[in-house]
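The values are calculated or read from the model by the stated rules, or taken from the named source; none is laboratory data. If you're wondering where the values come from, they're calculated on a predicted model, not measured in any experiment. Don't worry about glycine lacking a Cβ; one is built from the backbone with ideal geometry, like all the others, and counts go over all protein chains shown. What goes into the accessible areas is simple: the full protein's heavy atoms, side chains included, and nothing from ligands, DNA or RNA. Shrake-Rupley method; radii C 1.70, N 1.55, O 1.52, S 1.80 Å.
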Amino acid sequence: MEVTDIGNKEEGKVWHRKPAPGKSVLVTVVRTAQQAKTVRFLHVAFDTTGDSFLAGDHHGNIYVFDISRNRFRLVQKTGQACTALAFSLRRTTEFLVALADYTIKCFDKDTKQLVSWMRGHEGAVSSISVHSSGRYAITTSMDTAQLWDLDTFQRKRKLNIRQSVGIQRVFFLPLSNTILSCFSDDSIFAWESDTLFCKYQLPVPDCGPKISYKAFAVTRDGKSLAAGGRSNLLHLWCLDSKQLIRVIQMPTQVRTVRQLEFLPDSFDGGASQTLGVLSQDGVLRFINIHTCKLLFHMGSHEDAITTVTVSPNGRHVVAIMDNGSINVYSVQSLTQELNKPPSSQVAVVSGGGADQDLSNLKVQVRSEVVQRPAKSSGRRTHVKTLRPPVGSTAEDKENELPAGLNKKRLVSMLKAFGEYPAKYRMFVWRSLLCLPENHAAYSSLTDKGLHSAYLALHEKYPIKSHKLQRGLQRVLSALAHWAAIFGEVEYLPLVAFPFVKLFQNNPMLCFEVVATVIVNWGQHWFEYFPNPPLNILSMAENVLAHHDKELLQHLVDCGITSQLYVWPLLETLFSEVLTRDEWLRLFDNIFSNHPSFLLMACVAYVTCCREPLLLCSQKQDFEYFFHHRNNLDLGAMIKEAYRLMGGTPADIHPRNMLSDLTPLTNGQYPVFNHYPEFIIEYQSREREKIRLQEVEYLRERQEVSALHTDFVRRQAEEEAYYAQQELLQKAEEQRRNILAQEEEKLTQQRAKLAAMKRELKVKELQLLDATKRRFLKHQQDLRASQVQRLDQEISRKMDLRERETAAAVQNLEVRQMELEAQRRRLEQHMFKEQERMGREVEGEVEMRMRRAEKEEESYTELLHCTETNMEALEESMAEACQLGLESRWQREVAERLQQVDAEQERKREKLAELHRQTLAEEERLTDTMRDVAGRKWDEVMSSRAQLQQQQPPSSADTGPPQRPSANMVCLNSRSPSESTSTNFSLDRGRAQLDSGERQLLKEIRELRQKLAVRAREGSAASSQSVHTLSSVSQGPPTALCRHSVTET
């Protein structure tokens, strides 16, 4: 078997050497962190192919192990332990992981990214079930089950139940839309996943022992359901008929079923026949549910299995071992070791009704494992059967222990080796104490919750480990609920703590061990409650007096009683004075002997330490000695205890006062009432009274504290108010003084300001006068420059208008030339078309004339060749030919006329379009010329109006009105140089533009008339040609040909 330590690697090989064929365990995977600490794996889950699986460890690391490729890879670090794992069936790269903080996260194993985060549970998620389609998933905790949509990662439904009825498991059935829910009261319901309608409830047998279902398994076809729990019985249902078809009894070694898994086969059609049963001893047994035969098993007592997962293809089984490692098993190698099955033995189930008896369904599993085939040498093999001797004594029966152990042999082995093997110590203790393992009774005690006496246990006994603290609190609460006195015993945590630390993974066994120790080794401890057990202490003192009078006398002289040197050892069960290994060795001997051995061990501890005790004289020294570890040979102490057991006289021997070992009863725990009940009841009443008084005191104290706080707050507010008022008065006086001073300063400043204002007013008047004169002069200069600029602008605009008019005239001329050229092109095109049409008609006429001449010649020849009796026939044939020719000519002429009409229509449309475009261009040009002339005229008139408005104010500012000077030029007046060519009038230019515009419009109208006349002439010519063609078509063929030739 190869062991692979992945350590802190993020990827690598699963095994470095290929496993040999036939090897059942392919590889063992472990993970060691720093300081060689082993990190436990918690959960595993296969994908749909069965070739790779997920594994989550205690540190929150999620690994993917690919068995087919021999690779592993770290895909996620969650930082906290996982409670469940599952692959998402629809998206093969995604997986779901439930964490310790009650949340479910979805990760992608390829990208290592968080896909979604689902919250809603208030407890740890124990299982995740994914629908076969991959669309939905169900997560289950102790108090609720929730249905999730894996496409949106939103919660669809939530199953809430009463607190008294817990949920064991909720999961999808394979290949269906049915949800199966199993509760702690052994009820099983089936629901429709879409509507959540209850389809049916499986019948649970009323007779027989209660199983308390904990484990469930369904075949791949979803037709069979197996369930098991706190018993060695398995129930097998047929989900089609909704009936319990079989009860399978496992071997006696199986007391509790932890997990069930069907082993799929490639050829069974989904109806698996092999069922794996994981029991409390860590052994996974595979049985055939039809023959009820034990096929093979995995694991052992030394190498126990905690949880197991079977691949969907049935090739591999992955198990998490008790030491936290992962074992990968090959199913093929395990099944190859099996011998061929014997002849078929059919277990007949009698009675097929619904009210059948449970005993008729029960089938016992034969515990003989099928062995490997042995090589026979041809001789007959004789089988020897070991039988117990006939005369077995009563002493041998008393020495017989559960699980096939013998107490006498165990004691002899203990005396030989001094202790039991550490690997089997817990198993031996459970056998020696005959623990009943009453799961139901213990559950009823734990369901009551924490006892009020131990709610504040962490304050009195602080423990670093929270898990250990909670375990101790649960065990003590269960003891207190079992017997009322255990809620009053102050030293009970000291008694139970070493066992809690030892059995911290199994609280029920811890409770039963502590209860057995109290019932047997704590006999008569509570008769003098609340005082120490004086009768037990006197027994130990009598034994010490008999065996070591000198030491007892020294203790008496120092005033040390048995309450100081025996009771500290008893109330702590030596846990304060011994190490862990020494304590385990001592209790190996205590549990293997009479309950009086505990008192002998106390006396032996005192006598073995007699030398340092004789040196002590102070009470504090003795107290320190019996509450701390000392240098002591434990082997010598145990030998001394055995010597005291054998050498103590019978009259003072504790054996006579203490009874033999009495195990706890099966089913229910015995009633414990060996204590003064009135004292316990009185203390309970007093404690309840004190608790109520304390609650009342705390309430009153809280009220007083609230009143005191209110009083202090009000007092502080009042003091702050008066202090604030004093500050306000002082501030008011200061501000009044400041205001008086400011008013005096303000009066002085106002006088100075008035004087300054007068001076500034005088200066301002002087500056205004100077500014006014300067402004008037500036206005005159500005007006003169504006007049000059206007003259320049007018002259520039007149030049621009003349240039624009000339350009417009040129454009019109160019446009007229273009229109003339276009008209000529159209005329040429029309002439060409008429010439082409004439040639075509001429050619057609010539061709038809030739054809007619040929026909006439042939006809003349026929006339000469025919006889006189055929004249009538020839005339009819001539008439038929003539009619045929006339009809064909008429059709051809009609088609030609239609073509000519269409061509003329297209030409008329083209001419009309050109005419419309010409009219549009003329209108646009006319509008443009009008707009330009209007704008120019508006500018000239606005400039003239501005000059006329500005001229009178300027003359009024300078003085009386004067006559315009010689250099002031009016636009409408004649200038001195009127005879020159540079000066002109705007009215004359306007007249010239109007006349030019009228001349241009006249030319355009003439051009339009010419185009219309030419269009009419062209249409008349075309109609004449059409008329000629129609007249030709109406005459005989010969005449038509001649007329065409004459026309041509």
Exercise. All but one of (1) open to solvent by 60 Å² or more (accessible area, probe 1.4 Å); (2) farther than 24 Å from ALA84 by Cβ; (3) not hydroxyl-bearing (Ser, Thr, Tyr) hold for PRO19; which doesn't?
Worked result: (1)
For this session: Inspect region 497-512 for any residue being modelled with pLDDT under 90, touching a Gly at 6+ places or on another chain (Cβ under 8 Å) and open to solvent by 30 Å² or more (accessible area, probe 1.4 Å) and give the result as yes or no.
Result: yes
For this session: Answer yes or no: is there a residue in region 284-303 that is under 36 Å from the mean Cα position of the chain (by Cα) and buried (at least 21 other Cβ atoms within 10 Å of the Cβ).
Result: yes
Exercise. In contact with a His (Cβ under 9 Å, 6 or more places away or on another chain), buried (at least 20 other Cβ atoms within 10 Å of the Cβ) and not acidic (Asp, Glu) - does that describe any residue in region 235-243?
Worked result: no
For this session: Quickly run through region 183-193 and pick out the residues that are part of a strand (DSSP E or B) and in contact with a Leu (Cβ under 9 Å, 6 or more places away or on another chain).
Result: ILE188, PHE189, ALA190, TRP191
Exercise. List, please: which pairs have Cβ atoms under 6 Å, are six or more places apart or on different chains, and start with a residue in region 179-205 that is in contact (Cβ under 8 Å) with a residue 40 or more places away in the chain and end with one that is among the small types (Gly, Ala, Ser)?
Worked result: ILE179/SER193; LEU180/ALA190; TYR200/ALA190
Exercise. Taking the stated definitions as given, is LEU42 over 22 Å from PRO312 (Cα atoms), in contact with an Asp or Glu (Cβ under 8 Å, 6 or more places away or on another chain), modelled with pLDDT of 90 or more and open to solvent by less than 70 Å² (accessible area, probe 1.4 Å)?
Worked result: no
Problem set entry | Tally of residues being open to solvent by less than 80 Å² (accessible area, probe 1.4 Å) and of a type in the set (Asp, Glu) across region 773-808 | 4
Exercise. If you check GLY276, GLY228, GLY282, which single one turns out to be part of a loop (DSSP other than H, G, I, E, B) and touching a residue at least 24 places away in the same chain (Cβ under 8 Å)?
Worked result: GLY282
Exercise. Here are some residues: GLN890, GLN882, GLN950. Which one is open to solvent by 40 Å² or more (accessible area, probe 1.4 Å), at pLDDT below 80, under 30 Å from SER785 (Cα atoms) and in a helix (DSSP H, G or I)?
Worked result: GLN950
For this session: Determine the pairs where a residue that is in contact (Cβ under 8 Å) with a residue 24 or more places away in the chain, located within region 537-551, has a partner that is of a type in the set (D, E, K, R) with Cβ atoms under 7 Å apart, the partner being 6 or more residues away or on another chain.
Result: ASP548/ARG610; LEU551/ARG610
Exercise. Quick check, is LEU812 farther than 30 Å from ALA933 by Cα and either of a type in the set (A, V, I, L, M, F, W, C) or in contact with a helix residue (DSSP H, G or I) (Cβ under 8 Å, 6 or more places away or on another chain) (or both)?
Worked result: no
Exercise. In region 814-826, is there at least one residue being surrounded by 10 or more Cβ atoms within 10 Å (Cβ to Cβ), farther than 30 Å from ILE1004 by Cα and among the basic types (Lys, Arg)?
Worked result: no
Exercise. Out of GLU694, GLU623, which single residue is free of Cβ contacts under 8 Å to residues at least 60 places away in the same chain, in a helix (DSSP H, G or I) and closer than 30 Å to LEU445 by Cβ?
Worked result: GLU694
Exercise. Do we have any residue at all in region 476-484 that's surrounded by 14 or more Cβ atoms within 10 Å (Cβ to Cβ), within 30 Å of VAL411 (Cα to Cα) and under 41 Å from the mean Cα position of the chain (by Cα)?
Worked result: no
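With respect to LYS854, determine if the residue is at pLDDT 90 or above, over 30 Å from GLN1009 (Cα atoms) and open to solvent by 100 Å² or more (accessible area, probe 1.4 Å).
Spelling it out, it is not the case that LYS854 is at pLDDT 90 or above, over 30 Å from GLN1009 (Cα atoms) and open to solvent by 100 Å² or more (accessible area, probe 1.4 Å).
Condition check ((1) open to solvent by less than 80 Å² (accessible area, probe 1.4 Å); (2) modelled with pLDDT of 80 or more; (3) assigned to a helix (DSSP H, G or I)) across all residues:
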residue: VAL845; (1), (2), (3): yes, yes, yes
residue: ARG850; (1), (2), (3): no, yes, yes
residue: THR860; (1), (2), (3): yes, no, yes
residue: GLN898; (1), (2), (3): no, yes, yes
residue: GLN904; (1), (2), (3): yes, no, yes
residue: ARG916; (1), (2), (3): no, yes, yes
Exercise. Does any residue of region 772-792 turn out to be under 30 Å from SER943 (Cβ atoms), among the β-branched types (Val, Ile, Thr) and more than 60 Å from the chain's Cα centre (by Cα)?
Worked result: yes
Exercise. Since ALA770 meets every condition but one in (1) modelled with pLDDT of 90 or more; (2) open to solvent by 60 Å² or more (accessible area, probe 1.4 Å); (3) not basic (Lys, Arg), which condition does it not meet?
Worked result: (2)
Problem set entry | Residue satisfying all of: in region 108-140; of a type outside the set (S, T, N, Q) and open to solvent by less than 10 Å² (accessible area, probe 1.4 Å); modelled with the lowest pLDDT among these | GLY134
For this session: Please find, within region 572-619, the residue that is surrounded by the fewest Cβ atoms within 10 Å (Cβ to Cβ) out of those that are part of a helix (DSSP H, G or I) and of a type in the set (Phe, Trp, Tyr).
Result: TRP583
Seminar exercise, completed: Heads up, the strands (runs of 3 or more DSSP E) in region 71-168 (entirely inside) with at least 1 residues that are more than 16 Å from the chain's Cα centre (by Cα) and without any contact (Cβ under 8 Å) to a residue 60 or more places away in the chain are 71-77, 82-87, 127-130, 136-140, 144-149, 154-160
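From GLU726, GLU742, GLU764, grab the single residue that is open to solvent by 100 Å² or more (accessible area, probe 1.4 Å) and not hydroxyl-bearing (Ser, Thr, Tyr).
Step by step, each of GLU726, GLU742, GLU764 is checked, and only GLU726 is open to solvent by 100 Å² or more (accessible area, probe 1.4 Å) and not hydroxyl-bearing (Ser, Thr, Tyr).
Pick from ARG119, ARG157, ARG169: which is closer than 24 Å to LEU244 by Cα and of a type in the set (D, E, K, R)?
When all the criteria are applied, what remains is ARG169.
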Problem set entry | Number of positions in region 631-662 that are within 60 Å of the chain's Cα centre (by Cα) and open to solvent by less than 50 Å² (accessible area, probe 1.4 Å) | 1
